[in-house]
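J.: Quick one: the structure is below, and I'll ask about it shortly.
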């Protein structure tokens, strides 16, 4: 029902979606910051990261309270639509990677590429380049975290909870990332991305329906049903694509 | 504007903001953006105009699955066409 605060089932799904989404984005941002810090020195890396975090916090402070005043059904329709698109994009990418049709997101390779890019740049521009690269990495990945937190949090009327979970995910991944340093490639990023994709599409489906005044049977219990449905579909698509790829290779051989 | 001259900061910020949303929502999968619009339109008709709630309940996730499958098929075909 529109206007009813999301119940305990919705809260569990909300926490899972926000945590996984933030953890994945944090791994990507951390890879860039570590590459900048190791190559150019930590001062510019931290400055770029700090300015990006302040900018992101300002965005949350400005848009967070403003979103609360938007009528809930309109907000849920827009948020639902955005989450549907975003979730399907993540799921598509994760399915293609799992089935071997797209190269895996390799943090080690990205780290090496960033280091090479930074080393190739002239020494006179050193600090500026390091600052800009750290800023861009944290800001762009962080912007996706902000959008996820704001959209999921405000639509469920649990912005505080979503922000807290996001902060925990960011700190946790940050601490673990710094400890393991260059072993970020060991993080099962594609599996996490697949999980986030399933949850985002589930939320997108649920809120698009709520915004369009669809009455879901069982209210927010349907979120779990959607997650299960999309998980099965994802698994089936991966199995089918792997089988098709194997068959194509055999014919070619 | 003279060659080599940088555009004003406000314009660059607006352009950057627009580019971010373009990449975020459309990027290399415009079909998913179109699919979301179609899904909203179809479910809106079913729910608000025809008052067919049960059909809307089934149609929304079903259309999302069809959109995802078609987008993946497009990616696979694109991959096969590569030399």
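The values are calculated or read from the model by the stated rules, or taken from the named source; none is laboratory data. Note that the structure is predicted; figures quoted are calculated from it, not measured. Cβ sites come from the backbone with ideal geometry, for glycine too, and all protein chains shown count toward neighbours.
J.: Could you check residue A:80 against (1) farther than 30 Å from residue A:113 by Cβ; (2) surrounded by fewer than 22 Cβ atoms within 10 Å (Cβ to Cβ); (3) touching a residue at least 24 places away in the same chain (Cβ under 8 Å) and say which number it fails?
T.: Checking residue A:80 against (1) farther than 30 Å from residue A:113 by Cβ; (2) surrounded by fewer than 22 Cβ atoms within 10 Å (Cβ to Cβ); (3) touching a residue at least 24 places away in the same chain (Cβ under 8 Å), the one that fails is (2).
J.: Filter the range A:142-158 down to residues that are on the phi < 0 side of the Ramachandran plot and away from chain B (no Cβ under 14 Å) and give me whichever is surrounded by the fewest Cβ atoms within 10 Å (Cβ to Cβ).
T.: Among those residues, the one meeting the criterion is A:158.
J.: Within the set of pairs 6 or more residues apart or between chains, which connect a residue that is at positive phi and at pLDDT 70 or above inside the range A:169-184 to a residue that is surrounded by fewer than 16 Cβ atoms within 10 Å (Cβ to Cβ) and in a helix (DSSP H, G or I) with Cβ atoms less than 7 Å apart?
T.: Going by the 7 Å Cβ cut-off, there are no qualifying pairs.
J.: Can you list residue pairs whose Cβ atoms sit under 8 Å apart, with the first residue in the range B:17-43 being surrounded by 15 or more Cβ atoms within 10 Å (Cβ to Cβ) and the second being not in a helix (DSSP H, G or I)? Count only pairs 6 or more apart in sequence or on different chains.
T.: B:33/B:26; B:40/A:212; B:43/A:212; B:43/A:214
J.: Let me ask something else about it. Go through A:40, A:97 for me and flag whichever is modelled with pLDDT of 85 or more and farther than 19 Å from residue A:143 by Cβ.
T.: Of A:40, A:97, the one residue that is modelled with pLDDT of 85 or more and farther than 19 Å from residue A:143 by Cβ is A:97.
J.: Turning to a different aspect of this structure: State which residue is farthest from the other protein chains (Cβ to nearest Cβ) when the search covers only the range A:159-168 and only residues that are surrounded by 16 or more Cβ atoms within 10 Å (Cβ to Cβ) and at pLDDT 85 or above.
T.: Filtering the range A:159-168 for residues surrounded by 16 or more Cβ atoms within 10 Å (Cβ to Cβ) gives A:159, A:161-163, A:165-166.
Pick out the ones that are also at pLDDT 85 or above and you get A:161-163, A:165-166.
Working: A:161: 24, A:162: 19, A:163: 20, A:165: 22, A:166: 18 Å.
So, considering only residues that are surrounded by 16 or more Cβ atoms within 10 Å (Cβ to Cβ) and at pLDDT 85 or above, the one farthest from the other protein chains (Cβ to nearest Cβ) is A:161.
J.: Okay, next question. Could you list all residues from the range A:210-252 that are within 9 Å of another protein chain (Cβ to nearest Cβ), over 22 Å from the mean Cα position of the chain (by Cα) and within 16 Å of residue A:83 (Cβ to Cβ)?
T.: A:211, A:212, A:214, A:216, A:222
J.: Now, a different point. Could you list, in sequence order, the residues of the range A:214-239 that are over 17 Å from residue A:196 (Cα atoms), in a helix (DSSP H, G or I) and in contact (Cβ under 8 Å) with a residue 60 or more places away in the chain?
T.: A:219, A:220, A:221
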